[in-house]
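None of the figures in this text is laboratory data; all of them are computed from the coordinates on show. Everything numeric in this text was worked out from a predicted model, so none of it was measured. Methodologically, a virtual Cβ is constructed for each residue, glycine included, from the backbone with ideal geometry; neighbour enumeration extends over all protein chains shown.
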Amino acid sequence: MTKPKAKPKRPEPSADNQIVRYFHCRQCLEEMPFGTSPRDWAQIEAGSTPIGFQIWCKRHDINICHIDFEGQTHPANLNRKKVLQ
Ligand SMILES: [Zn+2]
């Protein structure tokens, strides 16, 4: 009889910025003034919806991304990043 494999332990969601790929509004990027960064130009809202999570462009009042969690729940970290003093 073989021993069942242990499920690899996943790290907890971090409160640090670990974004490796950003979501942007395409229209905002097309209209972004020269010398401005997407981070400075973006005007987005992000939040939960009845089916999942949505990112919304406030400037153009359009959807950027709406993720359907398909009824699943996911671990989340809502703590702010610790500030070293
Ligand atoms: Zn936009």
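Among residues of segment 48-84 being of a type outside the set (A, V, I, L, M, F, W, C), surrounded by fewer than 11 Cβ atoms within 10 Å (Cβ to Cβ) and touching a residue at least 24 places away in the same chain (Cβ under 8 Å), the one that is farthest from the ligand (Cβ to nearest atom) is 82. Restricting attention to segment 16-30, does a residue exist that is at positive phi and more than 15 Å from the chain's Cα centre (by Cα)? For segment 16-30, residues at positive phi and more than 15 Å from the chain's Cα centre (by Cα): absent. Note on segment 1-44: residues that are surrounded by 10 or more Cβ atoms within 10 Å (Cβ to Cβ), assigned to a loop (DSSP other than H, G, I, E, B) and of a type outside the set (Ser, Thr, Tyr) total 8. Kindly check whether there is at least one residue in segment 25-42 that is in contact with a Pro (Cβ under 9 Å, 6 or more places away or on another chain) and aliphatic (A, V, I, L, M). Within segment 25-42, one or more residues are in contact with a Pro (Cβ under 9 Å, 6 or more places away or on another chain) and aliphatic (A, V, I, L, M).
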